[in-house]
Amino acid sequence: MHDHDSLLAAYRRVRARTVALSAPLSAEDQVVQPSADASPTKWHLAHTTWFFEELVLGELRFDPAFRMLFNSYYEALGQRIDRARRGLVTRPDLARVHAYRSDVDARIERALTTGSLEPPARSRLELGLHHEQQHQELILTDIKQVLGEQPLQPAYRELSVSDTPRATPALAYRTFAGGIVDIGAASQGFAFDNERPRHRSIVEPFALANRPIVNAEVLGFIAEGGYREPRLWLADGWDTVRHDGWRAPMYWRDDGTLYTLGGVRAIDPSEPACHLSYYEADALARWLGGRLPTEVEWEVAVAEQPTNGHFADDDRFHPAPSTLAAGDGRLQVFGDVWEWTASAYAPYPGFRPLPGALGEYNGKFMSGQQVLRGGSCLTPRGHVRASYRNFFPPAARWQMTGARIAKDVA
Ligand SMILES: [Fe+2]
């Protein structure tokens, strides 16, 4: 989202981008649900629209049944289908979902141009745009699982990735003094409720790597038997490794290749490692002689960094090697891969959920998940910021997730 956009221009841009992301897909592609975690593209197209109709317009005029079909998890807004059964909804068909989008778009645009939206509804509209951007990333991670787990592993579409091979970027550490620090979003400007309030926190001196863990390091971990060594793993992680038979990150193949949204290609040792679970991130950091940073350390370290990594707008849809020289002082932090932190997803001191049904947006998920920071190559540019808190359960690895090493400083 960009501040200079009018709300109407931002609405049109975000809504068009979602449709453009679905354009390379067939109708069949858009109905399949590959796991309970991932949702069909068609569901994302409809659910993001339902959000505006239910929470901004306030009346479900197009089809009242859509309230039950496309409500995700809002208890305050009535019945809904099980998350794991979204792929069973073949009716409405894709054409009717696009008709739904057009109908709601016309009503929202009329409300914006006639000035009939009150300030609270305009705030919910702005939230709806950030919400839709979150689903844009999910459209990509979820279709990657649809396509990447079928026998022929077809590409989502041809991508303009043309990296020249480069040496693995050197691993260097920057040290930070610690002390009493402020983290969280300031009270002005858009942020999700879980980023607030800005508050004080105490940090001991620490060091943070200049780049995320790269494939070369994962290859070393595998070669030294990391996936077979229980002493490197958290107990829950080791149980998951054995139960799910993990031997490499998700989408890695035995022949030295991996699946990307552009199709199968060779594993590039210099790329940030992606599709790591929290458990793998934790084990890799331990094997490399460090640990994962806390979210406070991460936010303090990156507060002055430019948000200039690779985002979905760069049309790579895969993380890129760092181009920073070892002595550069900057950190490759935004975009490319979300970074698991050692911090459990919990409310900040003084956290207040949004009023009404939207109080369910973030707050009720604050148990059993880890915080991730920084955005990825599938995140829309401008969507993330230093205070942004993403969260997933520790075994999740179908998201574009990686890790960075931190160390204590004596
Ligand atoms: Fe949603």
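Some notes on this structure:
- Extension gain (nm, one decimal) between Ser160 and His243, 0.36 nm per residue minus Cα-Cα: 26.2 nm
- GNM flexibility winner over the chain from Val14, Val89, Val337 (Cα, springs under 10 Å): Val89
- Helix-only CD estimate at 222 nm, as mean residue ellipticity for the chain, using -39500 (n - 2.57) per DSSP H run (n ≥ 4): -9500 deg cm²/dmol
- Rounded Å value of the spacing that divides the Cα centres of the range 261-301 and the range 77-152: 30
- Cα gyration tensor shape of the range 151-252, rounded if a/c is under 1.5, else prolate or oblate by comparing a/b with b/c: prolate
- Cut-off under 5 Å, modelled amide H: who pairs with Ser343 long-range: Glu295, Val371
- As a ratio to 2.2 N^0.38 Å, the alpha-carbon radius of gyration computed for the range 284-410 takes the value 1.10.
- In order through the range 279-293: 3J(HN,Hα) via Karplus (6.51 cos²θ - 1.76 cosθ + 1.60), integer Hz, x for Gly, Pro: 4, 5, 4, 5, 5, 5, 4, 5, 4, 7, x, x, 7, 7, x
- Within a Gaussian network of the chain (alpha carbon springs, distance under 10 Å), most fluctuating of Gly290, Gly359, Gly350: Gly350
- Gain on full extension, evaluated as 0.36 nm per residue between Ser35 and Arg12 minus their Cα-Cα distance, stands at 5.2 nm.
- Two-site label geometry, Gln134 and Ala410: point separation in nm, points 7 Å out along Cα→Cβ: 4.4
- Among Arg124, Arg211, Arg85, the largest mean-square fluctuation in a Gaussian network model of the chain, built with springs joining Cα atoms closer than 10 Å, belongs to Arg85.
- Cα centroid separation, the range 1-66 to the range 390-410 (Å): 28
- Eigenvalues of the alpha-carbon gyration tensor of the range 187-329, scaled by 5 and square-rooted, set the equivalent ellipsoid semi-axes at 28, 21, 16 angstrom, largest first.
- Once divided by 2.2 N^0.38 Å, the Cα radius of gyration of the chain becomes 0.98.
- Three-way shape call for the range 88-229 based on the alpha-carbon gyration tensor, with the a/c threshold at 1.5: oblate
Laboratory data are not the source of any read-out in this text; all were calculated from the coordinates shown. All values reported here derive from a predicted model rather than from experimental measurement. Note: ideal-geometry Cβ built from the backbone for every residue, glycine included; neighbour counts use all protein chains shown.
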